[in-house]
Amino acid sequence: MTKKALITGIRGQDGAYLAKHLLEKGYHVIGCDRRRVDLNNWRLEHLGIENEVEYVYMDLLDEGSIHRTIQRNQPDELYNLAAQSFVGISFDQPLLTTQVDAIGVLRILESLRIQKPDCRFYQASTSEMFGEVLETPQSETTRLNPRSPYGVAKVYGHFITKNYRESFDMYACSGILFNHESPLRGIEFVTKKITNTVAKIKHGLADNLTLGNIDAKRDWGYAHDYTYGMYLMLQQEKADDYVLATGNTHSVREFVENAFQYINEEIVWEGSGIEEKGISKSSGKTLVDISEKFYRPAEVELLLGDASKAAQNLGWKAETNLEQLTKIMMDYDLSLIEKSLQ
Ligand code: NDP
Ligand code: GDP
C-alpha cells in the first residue's frame, strides 16, 4: 500500500528536498501550508514537484488545524520541519519562536498520541541546541547549552519528542542536524547571503557584502544529503536520535574567501573588529565590510558534529564537502542572475 507522509514546512528548504526523496520512494506526500497571501512556491518548482504534492492548511500555532489534518489524513509518517528557523530573528520574536518551535511540537505529538499513535514522527532538532559548546565534536550525548531563544525552543521540542517516545511508546525521533545549505536556502542565512551577493558583485549588481561575526565556525553540509538522513531515521526498527554532520568545520571568513575565489577574486583582510575590510587583491576595491547590525546578542562560536552513530546505524554519511557545496550554490546564483540579465 502507498505510504502517506505529512511534511510540515513543505515550502522551506528541507521540506522541498525531503518531498522529492519521498516522492521518488513512491510515497503520497501531503504538504502542510500555513495560509499566506504570497504563495512561496519557488523551491518546489525548482525541483519540479509542485504538482506532485497534495497541500493542506495547517499552522503550528493553530491546534485545531493540526488535529483536523491528522484526523483526515491518518499519515504513516510525519516530518515536523516547520519552524521560525532563523536564529537572528528569534532574539526579536522570542515568543513567536517558542510558540512555533517548542509548543508547536507538543501540539503535534499530543494530536498524534490521541489520533494516530502508530504514526512515525520526525522532529527537526538542531546543532544550535549545543550553543556555547561543552565538548568538541558534538554528538548525541553532548550536554545542551543553547545561546538563543531559537536554541532554547528547539531544546524543548527535542526533549518532548524523547519524552513521548519513552512515555507512550511512540516511534518519535529527533535529527540533530548541523547547518545544511543549498541553492534553496533562505536568503537571510549567511551562506546564501554570501553566494547571492558575490554573484551580484560579479555582474555589477552590488558593490559589496556586509556581514557580522565572520570568525564564527560552522559544520556546513548539503541539505539534499541531510534530508535523506531524515527519511532513514524513520525506517529503523527502533526510534532514536541522530546527529547529522560532515565532521568538518569552517569559518564564515573561509566561506567568503571561497565564494569570491569562485569569481576569481582574491580577498585580502585589513583591520580588525567592525573596522575589518575584505579588499580585492587585484583592484584594491572593498568587497566585504562588517556591521554591528549583523552581530547577535549571544553567539554560537563553534559547531563541529560527530555523525558516527548515523554512519553505524543508518549507513548515512555527508556526501558533499564545502568546496562542492560552494560550487553548487555559486553556480545556481550566477545562473539566476545571468538569466535575469538576458
Ligand atoms: P525554512 O525556514 O526554510 O522552512 C521553515 C518552514 O516552516 C517554512 O516553510 C515556513 O512556512 C514554515 N513555518 C513557519 N512557521 C510556521 C507555522 N506557524 N506553521 C506552519 N508552518 C510554519 O527552514 P529549513 O527548511 O532550513 O529547516 C527545516 C527545519 O529544520 C526547521 O525546523 C529548522 O529549524 C530545522 N533545522 C534547520 C537547519 C538548517 O541548517 N537548515 C539545521 C538544523 C535544524 P512559510 O513558507 O509559510 O514561511
Ligand atoms: P545559524 O548557525 O543557524 O545561526 O546560521 P546563519 O547562517 O544565520 O549564521 C551562521 C553564522 O554566521 C552565525 O555565527 C552568524 O553570527 C554568522 N554571521 C556573520 N554575518 C552574518 C550575516 O550577515 N547574516 C547571518 N545570517 N549570519 C551571519
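Below are the figures for this structure:
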quantity	calculated
Helix 149-168 vs. the chain, principal-axis angle (Cα, 0 to 90°, nearest 10)	30 degrees
For the range 239-321: rounded, prolate or oblate by the Cα gyration tensor [a/c cutoff 1.5]	oblate
Gaussian network model of the chain, Cα within-10 Å springs - most flexible of F255, F178, F168	F168
Distance in nm between pseudo-label sites at N163 and E54 (7 Å out along the Cβ direction from Cα)	3.3 nm
Nearest-0.05 FRET efficiency for L134 and W269, computed from C-beta distance (R0 30 Å)	0.45
Of K116/K309; K200/K339; K154/K309; K3/K162; K4/K154, those spanning more than 18 Å from alpha-carbon to alpha-carbon	K116/K309; K154/K309; K3/K162; K4/K154
Cα shape, the range 1-124, gyration tensor, a/c 1.5 rule	oblate
When the convex hull of its Cα atoms is projected in every direction, mean area for the chain (nm²)	17.4 nm²
Projected label distance in nm at D38 and Q74, using a 7 Å step from Cα toward the beta-carbon	4.0 nm
Cα long-axis angle, helix 223-233 against the chain (0 to 90 degrees, to the nearest 10)	20 degrees
Rg/Rg_ref, the range 69-129, where Rg_ref = 2.2 N^0.38 Å and atoms are Cα	1.24
Counting DSSP beta bridges with both ends in the chain, the antiparallel % (nearest 5)	20 percent
All aspartates and glutamates inside 17 Å of K285 as judged from Cα atoms, apart from same-chain residues fewer than 8 positions distant	D207, E257, E265, E266, E270, E275, E276
For the range 291-342 and the range 105-125, distance of Cα centres in Å	29 Å
Label point 7 Å beyond Cα of E63 along Cβ direction - residues of the range 111-140 with amide nitrogen under 19 Å	111-117
Nearest 10 degrees, 0 to 90: helix 13-24 Cα axis against the chain principal axis	50 degrees
Cα centroid separation - the range 34-48 against the range 172-237, whole Å	19 Å
Within a Gaussian network of the chain (alpha carbon springs, distance under 10 Å), most fluctuating of G104, G278, G64	G64
Length gained when the stretch I114-E24 is fully extended (0.36 nm per residue, less Cα-Cα span)	29.3 nm
Within a Gaussian network of the chain (alpha carbon springs, distance under 10 Å), most fluctuating of Q74, Q235, Q123	Q235
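Each reported figure results from applying straightforward, stated rules to the coordinates on display, with no laboratory input. What you are looking at is a predicted structure, and each value in this text was computed from that prediction instead of being measured. Positions of Cβ are generated from backbone atoms using ideal geometry, with glycine treated the same way; all protein chains shown enter the neighbour counts.
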